[in-house]
Amino acid sequence: MINRLLLNAVAALVALCTLPCEVAAFGVSRGAESRVSRPSSTTMYAAKKASTKKSSAKKSSKKAAASEEEEVVNFKKAAFVSALAEKTGMTKADSDIALAAVLNVIATEVSAGKRIALPGFGTFKLNYRAARKGRNPKTGEEIDIKASYSPSFSASKTFKEMANPDR
């Protein structure tokens, strides 16, 4: 039974991400005017540094202005499971089990070093990060950062085109 649920969940994930008309189920507007620009990490770091030097009154006004500029809509797991249930015709409980199974398979296989390619959606893979020197931001002391593996996701061309319809 899990195999059928797993296949249905993967099919629903791919269908949700590859069909432009189906994106409305997520509450995502397709117009460029609704697109929220996300600041880069450098911009966020500079803003954080600048705000620590100012008084608390100025901090609160900056935070209020920043929250007005960027408003990110979160699509939570419960809403995702409901959308998945609607698309596949499964119950919410079965959709939740299927989603858990899909995420478990992806996490298990990627952590084992396998690459998972879902055409029209993207590729999950494991990246190696070499050992390097870093600095403790508080003290400035040099520290050694161990080598590690990091899971990553690369969106497919179709998915990128859906995210940027005005290009």
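The values are calculated or read from the model by the stated rules, or taken from the named source; none is laboratory data. As the structure is a computational prediction, the values presented were derived from the model and not from experiment. Because the Cβ atoms are built from the backbone with ideal geometry, glycine has one as well, and the counts that use them run over all protein chains shown. Keep in mind that these areas ignore ligands, DNA and RNA; they rest on the heavy atoms of the full protein, side chains included. Shrake-Rupley method; radii C 1.70, N 1.55, O 1.52, S 1.80 Å.
The set of residues from segment 94-106 being touching a residue at least 40 places away in the same chain (Cβ under 8 Å) and open to solvent by 60 Å² or more (accessible area, probe 1.4 Å) comprises I97, V105. If you go through segment 115-152 and pick out every residue that is closer than 27 Å to K87 by Cβ and open to solvent by 50 Å² or more (accessible area, probe 1.4 Å), you end up with 5. Within segment 108-139, being assigned to a helix (DSSP H, G or I) and in contact (Cβ under 8 Å) with a residue 24 or more places away in the chain holds for V110, S111.
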